[in-house]
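Undergrad: Just dropping this structure here.
Throughout, read-outs are computed from the coordinates displayed, never taken from laboratory work. Because the structure is predicted, anything quoted here is derived from the model rather than measured. Positions of Cβ are generated from backbone atoms using ideal geometry, with glycine treated the same way; all protein chains shown enter the neighbour counts.
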Amino acid sequence: MAKTEGTQEIPSTLLDAYRATLGEQKPNTAVQKRYPFRLPSSQTKRGVPTPKQRIQRDRFLLARNSFKERSFPEKERWYAARPEWSSLLWYYNFFVMSSLNDVLGADARGAQVIKSIQNRTLEVPLNGTTITHFTVVDPTKTVVMLWGASYKYSTDQVGDIPYAWAWPVYPIWGTLNATNISLTWGIAAEQAGHVALQVIEYI
């Protein structure tokens, strides 16, 4: 470790060479040697990647190539969907969001890479309801997933023996547009039910 006096002034023509050997000046005026970065052994010719590592690498390369093949409008939609915390590692983010297709189990649309996911939980009344999306979506590139149920029951009597039975009633969505979605029940339910809703938009 060396000490410097005053402010470092490194000519721009020498900056790359400097950074290859030394670190830039620290607040305590110290300058340290920069040790060369070394790849983990699993990423060198000497290393032996595991089968799972190979699968993930192949999936990443597939996502990278898919990203390169996207049309300009599709890439515009992808850039516009960038969250504030994005690392700007487009290939990596594209890979992560495309891998989610296997997790969600939904039929992918558009370029088969997720642009946004909106999760909601709500109570759907007997006559249905309409809710507004958190953000505007393209209905032609959106998949809706619903969970939850209400119920319906019936009673009857055979001789002196009364009996009853019940069965679940599932929610369905009626209309989907850029700003909202309508929900109702597949058949008339006995009471309101709690529903989880997921709106997945693809680029």
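Undergrad: How far is it, in nm, from the label point at ASN180 to the one at GLU9 when both lie 7 Å from their Cα along the line to the Cβ?
TA: Here the answer is 6.6 nm between the modelled labels.
Undergrad: Would you list SER98, SER66, SER71, SER12 from fewest to most Cβ contacts within 10 Å?
TA: If I rank by nearby Cβ atoms, fewest first, I get SER12, SER71, SER66, SER98.
Undergrad: With a 10 Å radius around each residue's Cβ, average the other Cβ atoms per peptide and rank 190-199, 174-183, highest first.
TA: Going from most to least packed, we get 190-199, 174-183.
Undergrad: Order of VAL96, VAL136 from fewest to most other C-beta atoms within 10 Å?
TA: VAL136, VAL96
Undergrad: Same structure, new question: Could you calculate the contour length gain from TYR163 to ASN65, that is, 0.36 nm times the residue separation minus the distance between their Cα atoms, to one decimal place in nm?
TA: Extra length available between TYR163 and ASN65 comes to 29.1 nm.
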